[in-house]
Amino acid sequence: MSPNPSPASLALDPTAIPPSDPPLIRLEGLSKSFGPVRASHDISFAIRPGRILALLGENGAGKSTLMSMLAGRLQPDSGRIFLRGEEARFDSPKDSIAAGIGMVYQNFMLVNRMTVAENVLLGQEKHFWVSPKAMEREVGELTRRFNLPIDPGAGIWELSMGERQLVEILKLLYRQSQVLIFDEPTAVLTPVEAQHLFEALRNMAGQGKSIIFISHKLEEVLAVADEVAVLRRGELVGHWEAKDIQSKEELANRMVGRTVSLEIAKDSRMPGEPVLRVEHLTGPRLDDVNLVVRQGEIMALVGVAGNGQKELVETVAGLRPPGSGSVKILGTDWKAFFANPSWKESLSYIPEDRLGVAVCREMTLTDNFLLTTRQGFCRGPWLRRKLARQTVAEKVAEFNVQPGRPDMLAGRLSGGNLQKLVLAREFYRNSRLIVAEQPTQGLDISSTEEVWRQLLQAREHAGILLVTGDLREAMTLADRIAVIFRGRIMDDFPVEDQERMKRIGLLMAGSG
Amino acid sequence: MPIELIIPLLAAAVQSGTPILYATLGEMITEKSGVLNLGVEGMMMIGALSAFWISLATGNPWLGFLMGGVCAAMLAAMHGLVCLGFQGNQVVSGLALTIFGVGLANYLGTPLVGTQGIGFSKVSLPVLADIPVLGAILFHQDVLVYLSFALPVLIWAFFRYTRLGLHLRSVGENPVAAATAGLNVIGLRWLGVLLGGFLVGLGGAYLSLAYIHLWTNGLTAGRGWIAVALVIFAFWRPGRAVFGAYLFGGVMAFQLRLQAMGTDIPASILMMLPYALTILVLIASTMTGRGGEAPAALAVNMEPEE
């Protein structure tokens, strides 16, 4: 035990966890600071073989820092790590891998141009000479032993996100890792793929491995974890048996440290004029798409990623021309609309790829704000920077962007705050059509809640096309739901239609 | 054109393609590891000069050839220091390397201009040289050409069948993934830079030791840049590099021959041909959309953690 246990480490009640097996891994007073920022402070916990520990925390609570220390990517300032009772030191990922700690990062660590077998064996090859055939044979045996349906000779670039995750798991299995760490493993998975993952996690725990699993999704935490630990501002604020937690709400409150409502009140409203009308749109990955979005409603487009959502969104946002068929935005034909788009009361696009499409990371918040609103800050050819800066300062305060200095670089913001900046910018335009693509992906509960509120508020004056892979989000926000499969809209119905709502899962898989 | 003109032309194509082949393969190895080194022209010049001078001073052309590679690798180490040691901009550093290398070689080489050097002469390979047509084209060359035949195969096998080759490729494609797999990214990229620089230097050495046995300033005449373009043309595959190098060698040899025959076409137009072909080749390879085959992390520095 650390000499001066802080209140945080006292919160770990040793009686809460039955001490039958000795822990596989134990952290003692682990701390890490970056300059003045305390990313991890005096964190202690232990995990026994065969257990699944869910690690919860808001964005910036220090989960990634903690995991990076276990993976050997960061070295703690103080504190100790014990592996099977022996003190361990990880100076590099290599040490950590050798000690039996395996990590699956949220952004998969795979070389896309290489095959499954090459990725699994990367860094683990036994001899100077390697043979692609022998590697595939070896990994093939592994896939058969664990019954994972994956072709070892396939290139990573050919695989779906779910399959890529299997490759990451294969890597850990090949290295015979005993402590497996998953960083938000379901963020990119479909509901079915997530179920398969949970089964795999259970299986691996059954073989005596310890699993640490980081998540924002409370349902899955309660469904799969044996223990739950919560981090807040770099400190461990609690560690409980999962069965002692009664409900999602209780867990959310413990995590955020205040009462959060997971249900968002939504009044129904009368939809107005159509702001987007897509008729018989056919093109790459799109097959006779018909879709209408009216002012005052949120239309959720749901489906498994890669079924044409991207193509549809990019067409509506003006990034790719429509093939055959017609796209009318605010009553104007696509070509005429994008020939002379207005910045105000027009179309806003909130892309999925925040750092790649929505903002430039090397530009300041103000300059990023001006990307789509500059026409509002022009006097002749001159930009009214002072006014812009002032507006940005107000807007970032209103949308609670932290830290919100107008002159800082956008790349320094966390994912949630970046998204809030994008929303602040796009909502400033009073757009009448808003296309929001996975607007809460990777955001924590508080940020998600805020983004949802903002979207519902925007519904007052706009029609919103919400593209999401998260069914809960669709059900919470949408007035209507459209299901897309292989580029076709399978069905399109109001959320009140209970019968058809039940069939969403089937529709997403192309049947029903 | 009659066959007795075509065969010598093709033989000349192989010979003038050989230095480009060495340089292209060298740059390819460096780029495969994720480092873009635009200093090829400068490294070739340094390789050519040091090879010429050392073989002249020691009387041993083999030592000169080897040292041409070593000196170019030393120049490449400067690029490594800037880009891998200090995370500097790879394009700027590479351009500086070219300007520096060419300038230094011309300055140090001035006293040697016009000096007759020693080098490699043509050696017919027994039996092989007697094969009709092919024998005359491929097997009546100098020993450095024969050496270059083996290189693309070796490099292909290196990337496919060795652990080190696999690691080198992975740091060029996704250095973060390689690092989490426990590989030493910076170390592997150093290897790519030095090994690549060495081969580029051999290409330069070929020019002063075998292509002509004479030192002139500006000896490389843009061949380094052609090599940079050929890496793209070859889609980072050693086999295609052979084809590209001999194509350029052919155009170079062809325009020399046309000049010697005395055509009406102005010499400056003819001399332009290889470079015009470079532009065409770049357009063509970009249009086929295969430019996407570049190593994914090419010219992307890996920042140290946090």
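Structure notes:
- Filtered residues of the stretch A:40-63 (kept if part of a strand (DSSP E or B) and within 23 Å of A:Asn107 (Cβ to Cβ)): A:Ser40, A:Ile52, A:Leu53, A:Ala54, A:Leu55, A:Leu56, A:Gly57
- The set of residues from the stretch A:34-44 being modelled with pLDDT under 90 and either within 11 Å of chain B (Cβ to nearest Cβ) or open to solvent by less than 10 Å² (accessible area, probe 1.4 Å) (or both) comprises A:Phe34, A:Gly35, A:Val37, A:Ala39, A:Ser40.
- As for the stretch A:222-243, it holds no residue that is touching a helix residue (DSSP H, G or I) at 6+ places or on another chain (Cβ under 8 Å), surrounded by fewer than 17 Cβ atoms within 10 Å (Cβ to Cβ), closer than 23 Å to A:Ile481 by Cβ and not acidic (Asp, Glu).
- Matching option when the condition is in a helix (DSSP H, G or I) and exposed (fewer than 15 other Cβ atoms within 10 Å of the Cβ), among B:Val102, B:Val82, B:Val91: B:Val91
- Flag for B:Val176 being over 20 Å from B:His79 (Cβ atoms), within 14 Å of another protein chain (Cβ to nearest Cβ), modelled with pLDDT under 95 and surrounded by fewer than 22 Cβ atoms within 10 Å (Cβ to Cβ): yes
- For A:Asp353, the conditions (1) without any contact (Cβ under 8 Å) to a residue 60 or more places away in the chain; (2) of a type outside the set (A, V, I, L, M, F, W, C); (3) closer than 18 Å to A:Ala482 by Cβ are fulfilled apart from (3).
- Criterion (open to solvent by 10 Å² or more (accessible area, probe 1.4 Å), in a helix (DSSP H, G or I) and among the polar types (S, T, N, Q)) met by exactly one of B:Ser55, B:Ser50: B:Ser50
- The residues in the stretch B:15-38 that are under 22 Å from B:Gln141 (Cα atoms) and open to solvent by less than 10 Å² (accessible area, probe 1.4 Å) can be counted, and the count is 11.
- Among the residues listed as B:Pro126, B:Pro111, the single one being in a loop (DSSP other than H, G, I, E, B) and without any contact (Cβ under 8 Å) to a residue 24 or more places away in the chain: B:Pro126
- Verdict on B:Pro132 being exposed (fewer than 13 other Cβ atoms within 10 Å of the Cβ) and not in a helix (DSSP H, G or I): yes
- The residue list B:Ala205, B:Ala227, B:Ala260 contains one member that is away from chain A (no Cβ under 14 Å) and free of Cβ contacts under 8 Å to residues at least 24 places away in the same chain, which is B:Ala260.
- A single entry from B:Leu154, B:Leu108, B:Leu166 fulfils the requirement of being of a type in the set (A, V, I, L, M, F, W, C), open to solvent by 40 Å² or more (accessible area, probe 1.4 Å) and within 14 Å of chain A (Cβ to nearest Cβ): B:Leu154.
- Cβ pairs under 6 Å, 6+ apart, first in the stretch B:179-199 and more than 11 Å from chain A (Cβ to nearest Cβ), second among the basic types (Lys, Arg): none
- Residue list for the stretch A:173-201, filter: at pLDDT below 85, more than 16 Å from A:Ile212 (Cα to Cα) and assigned to a loop (DSSP other than H, G, I, E, B): A:Val188, A:Leu189, A:Thr190
- So A:Gly376, is it at positive phi and open to solvent by 20 Å² or more (accessible area, probe 1.4 Å): no
- Checking each residue in the stretch A:177-207 for being within 18 Å of A:Leu142 (Cβ to Cβ) and small (Gly, Ala, Ser) picks out A:Ser177, A:Ala200, A:Gly206.
- In the stretch A:157-213, of all residues being closer than 23 Å to A:Leu471 by Cβ and assigned by TED's automatic domain parsing to the domain that holds A:Val139, the one that is most open to solvent (accessible area, probe 1.4 Å) corresponds to A:Met161.
- Strands (runs of 3 or more DSSP E) enclosed by the stretch A:64-163 - at least 2 residues per element that are within 12 Å of another protein chain (Cβ to nearest Cβ) and among the β-branched types (Val, Ile, Thr): A:101-104
The values are calculated or read from the model by the stated rules, or taken from the named source; none is laboratory data. Everything quoted here is computed from the prediction, not taken from an experiment. Note: ideal-geometry Cβ built from the backbone for every residue, glycine included; neighbour counts use all protein chains shown. Ligands, DNA and RNA are excluded from the accessible area calculation, which covers all protein heavy atoms including side chains. Shrake-Rupley method; radii C 1.70, N 1.55, O 1.52, S 1.80 Å.
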